[in-house]
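What follows is one structure encoded as structure tokens, with my remarks underneath.
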Amino acid sequence: MSRLIKSVVIWMVCALAHAVDSNLLTNPGFDDPSGRGWNARGKPIALDPQGAYQTPCLRVVTPKGEKYPGFYFVSSDNIPAKPNRTYTFKVLVKTAHTSGVAQPSVRLLNAEGKSAGYITVAKLDPGKRDWQACEISFTTHPKVAAMQVYLIHRDMAGTVWYDECQLVESPPKPMPPIGNGAAVTFDGGPGALPMHVEKVETRDGRIHVQTTGADFVVDPREGRIQGSQRIEAQRPVIEIRFPRGLDGLRVVRHDKTVCVLSTGKLDLGIQCDSLIVIAASEPQPVTCVSPIAGKWARFEQGNVLAIDDLGGVGVYPHVIPGSGAQVEVPTTPDPSKAGWTCTHNVGGSVMPSRLRSA
């Protein structure tokens, strides 16, 4: 065996071992004749000796003329899940059902073990299909505590086979670099909405940014942003404070869709629809204060919404998807009292703050 071929063989063996080790499922290929790790609505699963790779696979079959009542599933054991993590689910499927729909999915569970949502990789209508690969990647939300592979069959008559399931945790994407605005800008624009960044000026050491719906006054010396509503009502609605200051803040670039400002360690992206995105390379607190209050306000997982009959403001912290980070408001403000204050730690995360009118 040549050195090159030997190296390739060793690499393939190591890669395969790594893939097997990273699979979170028990008995993912249904090779164990006991069917451990799986159940068919609480009962043992049915196996077929001839799967995709001439090894056993899962078989879900409905006798001709009969149907399972509405919703039939085969599920895996519960798998601990991390909030705000990205996972990839893969499965091989072969179908020969004459009615109904097969939906290989992942069921998300909360801390109480109740359903918190479903991630569907495919919806397979009736028909004969040879083995095909289905795959989906998804990011869990903050309330997810566990998950199951959930192979769902709705009003199905016929047979569906499954083999080689894989559920793995994917590494998070790195945060875009700070300083050039990559972390605080988006592809595309406002579409048909008549929203623009209308004016950017520097006066008396302050940066004034005017959008169609709001005025922002950014004061680097004071370390704060004051936002005022321009449409439906003309009034102050938000003040965003940066306890560590905004020293060195400058306008990097601006056009009709966005104005980007940066200190080199913190980027601000003031969007044409009055959305502010804040990206910090190091952990730091950001405090929001609002002079308005409303009965529809809510505070959950770091998301803040204050709104009254004339409009309002929303502040939605958004950490890097899949990073595992979560944003919480340490103390919940009283939304019924004007002048509420809340603080987020936005280190390494992206925090949108949206001004919106009713």
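The values are calculated or read from the model by the stated rules, or taken from the named source; none is laboratory data. Fair warning: this is a prediction, and the values are worked out from it, not measured in the lab. Note that each Cβ is placed from the backbone with ideal geometry, even for glycine, and that neighbours are counted across all protein chains shown.
Details
- Hits in the range 175-214 - residues which are in contact with a Gly (Cβ under 8 Å, 6 or more places away or on another chain) and either closer than 24 Å to Glu232 by Cα or of a type in the set (Lys, Arg) (or both): Met195, Ala214
- Residues that are surrounded by fewer than 16 Cβ atoms within 10 Å (Cβ to Cβ) and small (Gly, Ala, Ser) were ranked within the range 125-159; the one that is farthest from Pro80 (Cα to Cα) is Gly127.
- Residues that are crowded, with 22+ Cβ neighbours inside 10 Å, under 23 Å from the mean Cα position of the chain (by Cα) and under 24 Å from Ile231 (Cα atoms) within the range 272-291 comprise Ser274, Leu275, Ile276, Val277, Ile278, listed in sequence order.
- The set of residues in the range 274-332 being within 18 Å of Thr185 (Cα to Cα) and at pLDDT below 75 consists of Val315, Tyr316, Pro317, His318, Val319, Ile320, Pro321.
- If you go through the range 218-230 and keep only what is surrounded by fewer than 23 Cβ atoms within 10 Å (Cβ to Cβ) and either within 20 Å of Phe186 (Cβ to Cβ) or under 31 Å from the mean Cα position of the chain (by Cα) (or both), you end up with Gly223, Arg224, Gln226, Ser228.
- If you go through the range 190-217 and keep only what is surrounded by fewer than 16 Cβ atoms within 10 Å (Cβ to Cβ) and either within 32 Å of the chain's Cα centre (by Cα) or not assigned by TED's automatic domain parsing to the domain that holds Asp309 (or both), you end up with Pro190, Gly191, Ala192, Leu193, Pro194, Glu198.
- Members of the range 99-134 found to be over 18 Å from Phe71 (Cβ atoms) and either free of Cβ contacts under 8 Å to residues at least 24 places away in the same chain or in a strand (DSSP E or B) (or both), listed by number: Glu112, Gly127, Lys128, Arg129, Asp130, Trp131, Gln132, Ala133, Cys134
- Residue in the range 48-69 that is modelled with pLDDT of 95 or more and among the aromatic types (Phe, Trp, Tyr) present: no
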